[in-house]
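Okay, structure first, notes after.
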Amino acid sequence: MMVRIQRISQIMRLTRVPVPHTNEATYALDPGGRRWVAKREADMGCEALLAEALTWLLAREIGAPVPDAAFCDDPDERSWLSEWIPHAKHWSASSAGPIRNLEGAASILALDAVVFNEARHGGNLLLVPDVDGGSTAVAIDADEALIGHPAELTRRGLVPPDPRILAAGFPPGDWRAIASDVATRVAALPDAWLDAAATEACAVAREPHVHLVRDVLASRCRAAVELTGRYMDAVEARR
Ligand SMILES: Nc1ncnc2c1ncn2[C@@H]1O[C@H](COP(=O)(O)OP(=O)(O)O)[C@@H](O)[C@H]1O
Ligand SMILES: [Mg+2]
């Protein structure tokens, strides 16, 4: 089964992304002129790189809205690349308007429940506004997802993340049923896909414990419905 993260052999770094508290994210251009937001493994750590890779592969598989991604494997760079989305703003419930990609946006909740991502604050949830006052939601930045620390996540057991810093006003409606449907699909991912995704993400992050990663990924995906349900309980309780 083909589960692949594009490799890019060189990038040209441009200016730093003007946001506070970042892992030194910078704009970057690849030789084909494509524009990315780049984060170096040296700045964020190999666990963060593993988290980005695993979460992105899962997001793509389940249709969660994430920018295209790649890995720059120049030994002096070793950077996670997220394709730059023009006109994207950080999440704001008051300016979001109707969310056009309802199923995709709801799938972000199931995704975060499975990879144990507590960092879905407004800076990691982008909105691309349209001309009619609505927006498309896009998830970025999974570097804090605990799936990047497989031994630690295994120790924690099958618990959902805490939504205490989840973007205020997200989700803007009752998205439980949609998130649950997505979780049902996550739970049914074939073993071959889980194996291939763990292998590919570990290759990018040079993580030697592929079986550990595979096992924690598989156990959380298999429990996706329960994890998402418990996560939604906590999300709804904070309203
Ligand atoms: N694909 C993207 N398109 C547009 N802006 C992005 C993209 N990825 C990141 N950004 C911007 O860069 C900021 C930092 O990137 P992020 O991945 O969140 O890194 P960090 O781990 O440093 O928070 C984001 O808050 C957002 O403003
Ligand atoms: Mg961020």
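Readers should treat all values here as calculations from the given coordinates under stated rules, not as data from a laboratory. Quick caveat: nothing in here was measured; it's all calculated off a predicted structure. Ideal geometry is used to build each Cβ from the backbone, glycine not excepted, and the neighbour counts take in all protein chains shown.
Remarks
- Computed over every Cα-Cα pair of the stretch 9-71 and binned at 10 Å starting from 0, the pair-distance distribution P(r) comes out as 20, 47, 32, 1 percent.
- By the helix-only formula, in which each DSSP H run with n ≥ 4 contributes -39500 (n - 2.57) and the sum is divided by residues, the chain has a 222 nm mean residue ellipticity of -12500 deg cm²/dmol.
- DSSP-defined antiparallel bridges as percent of all bridges, the stretch 89-237, nearest 5: 90 percent
- Theoretical gain in end-to-end length, Arg35 to Arg4 [0.36 nm per residue, Cα-Cα removed]: 9.2 nm
- Extension reserve of the Ser219-Ser95 stretch, reckoned as 0.36 nm per residue once the Cα distance is removed: 40.9 nm
- Applying a DSSP loop filter and a limit of 15 other Cβ atoms within 10 Å to the trypsin sites (Lys or Arg not before Pro) in the stretch 162-212 leaves Arg206.
- Karplus-derived 3J(HN,Hα), 6.51/-1.76/1.60, for each residue of the stretch 28-37, Hz, glycine and proline x: 8, 10, 8, x, x, x, 6, 9, 10, 9
- The stretch 61-135: chymotrypsin sites (Phe, Trp or Tyr not before Pro) in DSSP loop, at most 13 other beta carbons within 10 Å: none
- Values of log10 I(q)/I(0), in the order q = 0.13, 0.25 Å⁻¹, for the stretch 95-160 under a Debye, Cα-only, solvent-free model: -0.42, -1.04
- Candidates Ser180, Ser82, Ser95: whichever shows maximal mean-square fluctuation once the chain is modelled as a Gaussian network with Cα springs under 10 Å: Ser95
- Value of Rg/Rh across the stretch 89-237 [Cα atoms, Kirkwood radius]: 0.99
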